[in-house]
Structure formats: structure tokens, C-alpha cells
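Here the structure is laid out as C-alpha cells; the discussion comes afterwards.
The values are calculated or read from the model by the stated rules, or taken from the named source; none is laboratory data. Worth saying up front: this structure is predicted, and the values here are computed from it rather than measured. Neighbour counts are summed over all protein chains in view; Cβ atoms, including those assigned to glycine, are modelled from backbone coordinates with ideal geometry. Side chains are part of the model used for accessible areas, which takes the heavy atoms of the whole protein and leaves out ligands, DNA and RNA. Shrake-Rupley method; radii C 1.70, N 1.55, O 1.52, S 1.80 Å.
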Amino acid sequence: MARRNGETVQDRIVALIHDRQLQPGAPMPTETQLMDLMGASRNSVREAVRALQALGIVEIRHGFGTFVGRASLDVLGTSLEFRIRSGPHGVRALHDLVEVREMLETALVARVAGSTSPSRLAALDALVTAMQNDLEADRAFHALLYESCGNELVLQLIDLFWQVYHQVEPLLGAPEERMDVTVGNHRRIVDALRARDASAAQEAMQRHFRDVKERIARAESAQAAKPLDSEAA
């Protein structure tokens, strides 16, 4: 393979996948073949493959070989969670994540407002009812809500943001017993979809996220007051 200035072995392996149009699940060249193709040492090839494995670009199946991976967004989720947990302004970073999700979902809910089928509305109703006792029903609700968009990346991003939020939720302190509010917000979203009212659907979605952001703001205020409490003591 022709080597370009600044390209790493990792870059060249990715280029090889694209040049050969290898699809997810397709077998990769062996380690020895990659050494010849890349003009690189065994250690360099191994390090590059390990790095690509961490990104989900390749998959190592011990005893079988290396295959092209599916590059899921799980790696992004790990990075986002680390950013929120390790940064000095973790709660603020969580607010930013929720705000991005709000912008995405507020636009999308208007898009599906005029096309949500009766059977999908019934399924959403059932998930809202289940939400009182089952957190996974909330996750399923947001996935089903946009399934008709036909955009796999959108579905993955929304699910990723949902997972990250709930993984770092302990940063906000003890859970607030407000499931009636959560259920009510989701019920308003379904009612707006049933009425095919895009504006009402957006307003209901914004109200849902407003409640979430208010909880984050309370946690941020409490976090900011801690140093003052320590100094006073």
C-alpha cells in the first residue's frame, strides 16, 4: 500500500478495509499479511490492531482470526461517561449532554407527529403505563418513538445518550420520587402525537427535558455550595 505522510499503521489498516470494500464480519488479512502489506513490524501491527479493536473497527476472535467490526457507538458512550465522571464540572457536562439530546428529540418528535400509526400509539401508551415501575420502559419508549424515521444512527445516538445519562445519574444525588411527573410528560407526548399536533408534541418534549434539566441544576447548585460549607466548618 502507498504510504502517505503522517499516516500511521492504524490509518493504513483502515484504508485497506475501505479500499477492499470489506464489510462488517469479513475476515481481515492475517498478521503476517498485514506486516507485508503495511511494511511494518509485528509489534506495530499488533498495537494498531489492538487500537482498532478498542474502537470496534476490527474484532478479534481468538482461535479464528481478525474480522472487520461494526464500529458501534459504545466507544463514544464510554468516552462521554468518562468525561462526565472525571471532569471538574461533571454535572455541567451532563447538562450539556441532556441539552444535545433535547435538541435532537424536539426536532424528531415534530417529524413523526403526523405519521405515527394507531398500533404504534397503542404500544407507546403501554410503555407509558409500564414506566411507573420499569425504567427500561422509558428507554423503549424513546426508541419506538423514532423507529419510523428509518435512521439507524439517530436511534443509536438517542439510546446511547439515554444509557449514559442513567449510568451517571448517581451524580445527581438520591433519586427523586417523581415518576408521576415522568409518566405525565410522556403521556402528553403521546396525546400530541395522537392529535397529529407537531407543535404540541414539541412542547411536551421540551417540558419533559425541562424537568430533567431542573434536577441537574439543583444538583449543580448543591455541588457548588459544598466548598463554601467546608470553609464555614
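Annotations
- Residue among Glu136, Glu102 that is within 22 Å of Val181 (Cβ to Cβ), in a helix (DSSP H, G or I), out of contact with any Leu (no Cβ under 8 Å at 6 or more places or on another chain) and open to solvent by less than 50 Å² (accessible area, probe 1.4 Å): Glu102
- Exactly one residue out of Ser79, Ser115 is open to solvent by 20 Å² or more (accessible area, probe 1.4 Å), more than 25 Å from Gln206 (Cβ to Cβ) and either among the small types (Gly, Ala, Ser) or not in a loop (DSSP other than H, G, I, E, B) (or both), and it is Ser79.
- Complete set of residues in region 145-156 that are assigned to a helix (DSSP H, G or I) and either at pLDDT below 95 or touching a helix residue (DSSP H, G or I) at 6+ places or on another chain (Cβ under 6 Å) (or both): Glu147, Ser148, Cys149, Glu152, Leu153, Val154, Leu155, Gln156
- Tally, over region 48-75, of residues that are in a helix (DSSP H, G or I) and surrounded by 16 or more Cβ atoms within 10 Å (Cβ to Cβ): 3
- The set of residues in region 65-93 being in contact (Cβ under 8 Å) with a residue 12 or more places away in the chain and of a type in the set (D, E, K, R) consists of Arg70, Asp74, Glu81, Arg85, Arg92.
- Region 43-64 residues that are on the phi > 0 side of the Ramachandran plot, paired with ones that are not hydrophobic (A, V, I, L, M, F, W, C) (beta carbon under 6 Å, 6 or more apart): Gly56/Gly69; Gly56/Ser72
Residues checked against (1) open to solvent by 60 Å² or more (accessible area, probe 1.4 Å); (2) modelled with pLDDT of 90 or more; (3) over 21 Å from Leu145 (Cα atoms):
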residue	(1), (2), (3)
Glu177	yes, no, yes
Val181	no, no, no
Asn185	no, yes, no
Asp191	yes, yes, no
Asp197	yes, yes, no
Glu214	yes, yes, yes
Arg218	yes, no, yes
Gln223	yes, no, yes
